[in-house]
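A short reminder: the numbers here are calculations on the coordinates, not readings from a lab. In this text, all values refer to a predicted model and were calculated from it rather than measured experimentally. FYI the Cβ positions are ideal-geometry reconstructions off the backbone, even for glycines, and counts take in every protein chain you see.
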Amino acid sequence: MVAFWQGKPPDRLSPITVFVLFVSALAQAISIAWPWGGVVDSGGTLPWLQCLAMASFVAVLNRCHSPRQAALAGLLFTTVWLCGVFWWLYVALHTYAGLAGIVAAVAIASLAAALAVYYAAASYFYAFLRGKRAWLGSLLFAALWTGAEMARGTWLTGFGWGATGYAHLDGWLAPYIPWLGAYGVTALSAWLAANLAQLRKVGRISQSLSVLVLAAGAWASYVPPSWTQPHGDLQVTLLQGNIPQDEKFEPGSGVPLALGWYAEQLQANRSPLVVAPETAIPLLPQQLPEGYWQTLQQRFATSPQAALIGFPLGSYKDGYTNSVLGFAPQATELWRYDKHHLVPFGEFIPPLFKWFTQMMNIPLGDFNRGALGQPSFAWAGQRLAANICYEDLFGEELATRFVDAAEAPTIFVNISNIGWFGDSIAIDQHLNISRMRALEFERPFVRATYTGATVIMDHRARVTASLPRATRGVLEGHVQGREGMTPFAWWATRWGLWPVWWVVGLIVGGAWYSKRRDSLLN
């Protein structure tokens, strides 16, 4: 009311603006992994839809009359977008954890709104610093949006699931991924969307650069350069148990089913490498039935085969870990990988949130964190780098495996359990996360999961073999290892994400200086 009597327009958004933001946000969510068939294969990406959605958002920001109104628009757009990305958390919270439906929905909306604060701040500073130079405004938006994405993906343990760069796995910007990584392509797509939103104002130079970037990407899509070289071939067997999630840890149903089925498959398969998913064996080794552990060890100690199997490890005294054990013939001790990047609320409970976890009927724990950059599992001439669950979301952490080029992974192995989220788009989104890492490092991925997507993927992020989701089955196939270093792997190994932060800071600083100079001149 004060703003009204002072002759200033109120900061609230009009119904039409709210509608545009809502539709654009949902469009951006589905561009990252299309939920239905028809327009594109289910789980595929729609880069053009992401650019149009973000251009609509930038157009709204450009019409905002104050930084506060821009922040409100950013908060609304991002909250709806993120709810559209990880709505499947509802399945875990309501179906498996037993939270009331309304409580689960409020929890998801609250998480999305909390993460949206990063983007609201970016929108505020975009409106505050934009100035009169449209070309600089496009760079400013790209920098601020990318900064918000990196803050969401790295601060407070990080949850960058569904970042906008993932929409460009199948588009003309995909060839830039081995150079710039996911966040670099996020910045590129945001810059193109901002140019599109103010096409007539950015000038011919920015227009020409936009066309050049897209043309170069289109050409490279058909003639992709290669930064790595083939490094042998490995036959693998991937196991997908599909034990019902609500029975997995039940001693009278899921536990004996898992122990029996995985033991049978580990004994029967003859591939040089067999991989079982995250916590495939849902008991600590000391809790296993008599003779089970000894039989498992003897199986691989006396055969020309190896296995990677998901286990919980530890004790009440020393703490527990979510781990992978590597069994190999003539090994003096088992190879072991302990999960480094733990899931909040699932594998550790953040301070002040025990009240929330106590409301859920779900096996939670405070796990010990494994070291960053643990050694690969050397087998059959390959160096197999394990990662568990959503650890493949953090490319800057996987880059630590490449510090020593001679010991760098030749194949990534992801073991996961997405069964908490049912047969939802979470499976496709997680597959696309692995695809992004495959392009960043030009490394193949094998993924052994509880319910899907269990796949073999080459270094171009193409799925060469897969199992139907939500079924119990065995996937056999070949994977070709790779060696060498992409530009992204080279700089991320040395500096992490700091080069991207530096560019963001330089652009924001340049926009601030430009606005201040214009203010002094006026």
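Rounded to the nearest 20, the size of the Cβ-charge dipole of the chain about its Cα centre is 2160 debye, with Lys and Arg at +1 and Asp and Glu at -1.
Which of the trypsin sites (Lys or Arg not before Pro) found in region 148-239 are loop residues per DSSP with 11 or fewer other Cβ atoms within 10 Å of their Cβ? Those satisfying the criteria are R200.
A crude spin-label estimate for the pair D318 and V23, with each label 7 Å from Cα along the Cβ direction, gives 6.0 nm. Let a ≥ b ≥ c be the square roots of the eigenvalues of the Cα gyration tensor of region 1-157; is it rounded (a/c under 1.5), or, if not, prolate (a/b larger than b/c) or oblate? Judged from the Cα gyration tensor, region 1-157 comes out prolate (a/c at least 1.5, a/b above b/c).
Please name whichever of G505, L393, A134 sits farthest to the positive end of the charge dipole of the chain, dipole taken about the Cα centre and charges placed at Cβ: Lys and Arg +1, Asp and Glu -1. My answer, from the dipole projection, is A134. Considering only V20, V103, A328, the residue lying farthest towards the positive end of the dipole of the chain is V20, judged by Cα position with unit charges set on Cβ. Of all complete DSSP H helices in the chain, those with a Cα span along the helix axis of 20 Å or greater and a mean Kyte-Doolittle hydropathy of -0.5 or more are 15-32, 47-63, 67-85, 101-129, 134-154, 177-197, 204-222, 254-268, 425-441, 498-521. The amide H of G43, built 1.01 Å from its N in the peptide plane, has W34, W36 as neighbours under 5 Å, considering only residues 5 or more places off or on other chains. Modelled spin-label separation between A406 and V211, with each label point placed 7 Å from Cα along the Cα-to-Cβ direction: 5.1 nm. For the pair V223 and A263, label points projected 7 Å from Cα toward Cβ lie 5.9 nm apart. Mean sequence separation of contacting Cα pairs (under 8 Å, at least six apart), scaled by the length of region 453-522, corresponds to a relative contact order of 19 percent.
Relative to the current alpha-carbon distance between D366 and H478, full extension at 0.36 nm per residue lengthens the span by 36.6 nm.
Please say if region 417-506 is rounded, prolate or oblate, where rounded means a/c under 1.5 for a ≥ b ≥ c the square roots of the C-alpha gyration tensor eigenvalues, and otherwise the choice is prolate for a/b larger than b/c and oblate otherwise? Judged from the Cα gyration tensor, region 417-506 comes out oblate (a/c at least 1.5, b/c at or above a/b).
Qualifying chymotrypsin sites (Phe, Trp or Tyr not before Pro) in region 27-98, where qualification requires a DSSP coil assignment and no more than 14 other C-beta atoms within 10 Å, comprise W36.
For region 244-275, the residues whose backbone nitrogen is under 20 Å from a point 7 Å from the Cα of D233, taken along Cα to Cβ, are 270-275. Between amide H atoms placed 1.01 Å from N, distances below 5 Å from R336 occur with G326, all of them 5 or more places distant or on a separate chain. Once the Cα-Cα distance is subtracted from the 0.36 nm per residue extended length, the W490 to E247 segment shows a gain of 83.1 nm. Close amide H pairs (under 5 Å, H built 1.01 Å from N) link T237 with L273, V274, V275, residues at least 5 positions away or on another chain.
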